[in-house]
Amino acid sequence: MRGSEAVGIDRCLLVCALLLALLSIASCGSHTDSSGVKSVPPPTSVRVDEAPQGVRVTWSGSKHATCYTVFWGSSRTEYRNFANTRDCPVIISGLDKGELYCFAVTAWGERGESDYSTEVMYMYDDDPSRSTQHLTKGNELMASGQYLEAYAYISAAIRLQPQRAEAYKSRALLYEKMDEPELAKKDSVMAEKLSSRKTASLPLRRQ
């Protein structure tokens, strides 16, 4: 084979390889299979909030989703309960007070079920007397690097006793560790306000 012909073949093979690579990249970013049916991504922005007789689970809907499944349980990624729904939000009742719960949501589309959403942890309690207990537990978890669990406990302490400045300080520190500077600043400001109010309300000492 002459040298010019060999060079021409090498160039042709290189062009073909580049085209195949580009097609592969394009297919990885697609949400359709060979039949053209679109897949569905998992829900985002999942939140769990207090509700009468239970908790309220909300999320941002997924494109192409036809319905959703809300999962919950007492262990991370091990959900023993679920509820199917077409509506958002969903009220979950029958939870045990003083227990930590894990929640996640999936979406359903033409190709089946999506992956789980980001997991959310929530301490379900309505007893203000356990606020100190939850704050202590949250600080311990934060010190051991278990930030999601710590957030659930510290937030419960704030929810049960909204005037606790030290709870806001703890959550501000937790937000800093979680790289959420704006939320950390917001809780720090609240902690300062509550501390100032407490100081102002103290009776003056007689000289």
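The values are calculated or read from the model by the stated rules, or taken from the named source; none is laboratory data. Keep in mind that what you see is a predicted model, and the values were worked out from it rather than measured. Glycine also receives a Cβ, built like all others from the backbone with ideal geometry; neighbour counts cover every protein chain displayed.
Selection of first residues in the stretch 157-183 that are free of Cβ contacts under 8 Å to residues at least 60 places away in the same chain and closer than 17 Å to THR136 by Cα and of second residues that are among the acidic types (Asp, Glu) and assigned to a helix (DSSP H, G or I), restricted to Cβ pairs under 6 Å at least 6 apart or on distinct chains, gives the following pairs, ordered by first then second residue: TYR168/ASP187; ARG171/ASP187; ALA172/ASP187.
The single condition among (1) touching a residue at least 12 places away in the same chain (Cβ under 8 Å); (2) more than 17 Å from ASP125 (Cα to Cα) that VAL48 does not satisfy is (2). Give me a count of the residues in the stretch 63-90 that are out of contact with any Pro (no Cβ under 8 Å at 6 or more places or on another chain) and assigned to a strand (DSSP E or B). Qualifying residue count for the region: 14. Take the conditions of a type in the set (Phe, Trp, Tyr), touching a Ser or Thr at 6+ places or on another chain (Cβ under 9 Å), outside the structural domain of ALA83 (by TED's automatic domain parsing) and buried (at least 20 other Cβ atoms within 10 Å of the Cβ) and apply them to TYR151. Does it pass? For TYR151, the condition - of a type in the set (Phe, Trp, Tyr), touching a Ser or Thr at 6+ places or on another chain (Cβ under 9 Å), outside the structural domain of ALA83 (by TED's automatic domain parsing) and buried (at least 20 other Cβ atoms within 10 Å of the Cβ) - is not met. The helices (runs of 4 or more DSSP H) located wholly in the stretch 93-207 that include 3 or more residues which are among the charged types (D, E, K, R) and under 22 Å from the mean Cα position of the chain (by Cα) occupy 165-177, 181-201.
On the basis of being surrounded by 19 or more Cβ atoms within 10 Å (Cβ to Cβ) and either of a type in the set (Asp, Glu) or touching a Gly at 6+ places or on another chain (Cβ under 8 Å) (or both), does ASP96 make the cut? Walk me through how you get there before you give the answer.
Details: surrounded by 19 or more Cβ atoms within 10 Å (Cβ to Cβ): no; either of a type in the set (Asp, Glu) or touching a Gly at 6+ places or on another chain (Cβ under 8 Å) (or both): yes.
No, not satisfied.
Among residues of the stretch 134-153 being of a type outside the set (D, E, K, R) and out of contact with any Phe, Trp or Tyr (no Cβ under 9 Å at 6 or more places or on another chain), the one that is farthest from SER74 (Cα to Cα) is ALA143. Among the numbered conditions (1) out of contact with any strand residue (DSSP E or B) (no Cβ under 6 Å at 6 or more places or on another chain); (2) more than 30 Å from HIS64 (Cβ to Cβ), the only one that ALA156 does not meet is (1). Inspection of the stretch 105-125 finds no residue satisfying the criterion of being out of contact with any strand residue (DSSP E or B) (no Cβ under 9 Å at 6 or more places or on another chain) and among the basic types (Lys, Arg).
Applying the set (1) outside the structural domain of ARG164 (by TED's automatic domain parsing); (2) free of Cβ contacts under 8 Å to residues at least 40 places away in the same chain; (3) not hydrophobic (A, V, I, L, M, F, W, C) to GLU110 leaves exactly one unmet item: (2). For the stretch 159-196, residues that are among the charged types (D, E, K, R), in contact with a helix residue (DSSP H, G or I) (Cβ under 6 Å, 6 or more places away or on another chain) and closer than 18 Å to SER131 by Cα total 3.
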